[in-house]
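Notes follow once the structure below has been shown.
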Amino acid sequence: MSYEQFVEKIAAVIREQVKEPLYLSIHATIKNNGYERKGIAFSEKGINISPTIYLEEYYEKFIRGSDVESLAEQVLEMYYKVRVKHTWKEDTVQDYQNIKDKIIYKLVNRERNKELLSQVPHEDYLDLAVLFYVMVDIDETGGQMATMLIRNEHLVWWKVSAEEIRRRAELNTEKLLPYEFSAMCMVIEEMLGDRDMGDEDWRNLKEQENMYVLTNHIRSGGASVLLYTGRLEAISAYFKENYYILPSSIHEVIIIPESRALPREEMECVIREVNETQVQAEEFLSDHAYYYDRVKKEITV
């Protein structure tokens, strides 16, 4: 069964299970980098949100042997959780005063989002673009946040300018999503948890440490920390030298002091290889290394 057939089957099973006026439709959405995701859109009379639940993780469970009926129950349960948690009053989104303190920004690749950029307020940054969102909810324990992309029509509703949206995002993002700057070995240690590499292996890794991870505290959309006021300057003061920035994904970047970096051509080969083999299409940020000059206080491609 293909993913598309699986989505149709799950929708059919849910339609048979529900006894209330819950309407389902198959919805395809163009996400970051032009990546298309297909899922089930839910709408319900009297409920002012219509969430789309994407089914890739459920499809993986199906491939591993889970039955469609139990997976359909899980999807329906997820909808009810989202409905309760994210239901806003009817006028919440329409009233700018309700959302102005929740506006944040994210960084995306500019070339791969050309079509989207014609529909949304944005700013250019290097070979990237800054997009603006309303933070609907944040799950700090799960490292996730629910956001609503701000489009041109929202500016008309709210009777505000793109400059006002940018200003609000600058005020809010660092406050709502504080930065996190860690040595790569510490990130690896956290990921491994109780699994032991051995004291000698850890000692060698820490002694040879030349890579650092820059992200936000929930590690979601964390590449935007590059825009935080004074953050790049503070990192150069810590290293006491210039450094390279490798775009790992939209969620984080890798920092390498210049004295410990590979030649730029080799780094970009590594970036391209990782992007092609390890990074999901929707999370791709850039194939280029960036360079921070601590004297000029500027970042360049």
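Looking at the chain, which longest stretch skips every one of the GluC sites (Glu not before Pro) that is in a DSSP loop with at most 11 other Cβ atoms within 10 Å, leaving the sites themselves out? Walk me through the numbers on the way to the answer.
Working: sites that count: 90, 140.
The segment 141-301 is the longest one with no such site.
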Of [x] 207; [y] 157; [z] 145, the label for volume of the Cα convex hull per residue in Å³ derived from the coordinates
[y]
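Let me know the charge dipole size of the chain about its Cα centre in debye, to the nearest 20, where only the beta-carbon of Lys, Arg (+1) and Asp, Glu (-1) is charged.
Details: 37 positive and 54 negative charges, 225 e Å.
That gives a dipole near 1080 debye.
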List the relative contact order of the chain as a percent without decimals, with contacts defined as Cα pairs under 8 Å and 6+ residues apart.
13
27 Å Cα-Cα threshold exceeded, pairs from 114/240; 31/61; 31/102; 102/296; 45/114
114/240; 102/296; 45/114
Exposure of residue 52 as accessible area (Å², to 10), given a probe of 1.4 Å and all protein chains:
40
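Rounded to the nearest 500, what is the 222 nm mean residue ellipticity of the chain from helices alone, with -39500 (n - 2.57) per DSSP H run of 4+ residues and division by all residues?
Values: 11 runs with 113 residues, N = 301.
Value at 222 nm, helices only, nearest 500: -11000 deg cm²/dmol.
Send over a whole-number figure in Å² for the accessible area per residue of the chain, probe 1.4 Å. Can you show the working numbers first?
Details: 16520 Å² over 301 residues.
Averaged over the residues of the chain, the accessible area is 55 Å².
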If you roll a 1.4 Å probe over the chain with all protein chains in place, what percent of the accessible area is carbon or sulfur?
48
Just to confirm the number: angle between the C-alpha axis of helix 264-277 and the first principal axis of the chain, 0 to 90 degrees, nearest 10?
20
Accessible area of residue 250 in the full protein assembly, 1.4 Å probe (Å², nearest 10):
30
From a point 7 Å beyond the Cα of residue 151 in the direction of its Cβ, which residues of region 2-44 have a backbone N at a distance under 19 Å?
25-44
Rounded to the nearest 10 degrees, the helix 3-17 long axis (Cα) sits at an angle to the longest Cα principal axis of the chain of 40
Quick one: if the Förster radius is 22 Å, what FRET efficiency do residue 167 and residue 31 give, using the C-beta to C-beta distance and rounding to 0.05?
0.25
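Which length gain, in nm to one decimal place, applies between residue 219 and residue 8 when the Cα-Cα distance is subtracted from 0.36 nm times their residue separation? Could the numbers behind the result be given before it?
Details: separation 211, 0.36 × 211 = 75.96 nm, distance 3.26 nm.
Result for the pair: 72.7 nm of gain on full extension.
The values are calculated or read from the model by the stated rules, or taken from the named source; none is laboratory data. Everything numeric in this text was worked out from a predicted model, so none of it was measured. No Cβ is skipped: glycine too gets one built from the backbone with ideal geometry, and neighbour counts run over all protein chains shown. Remember, those area values only see protein heavy atoms, side chains included, never the ligands or the DNA or RNA. Shrake-Rupley method; radii C 1.70, N 1.55, O 1.52, S 1.80 Å.
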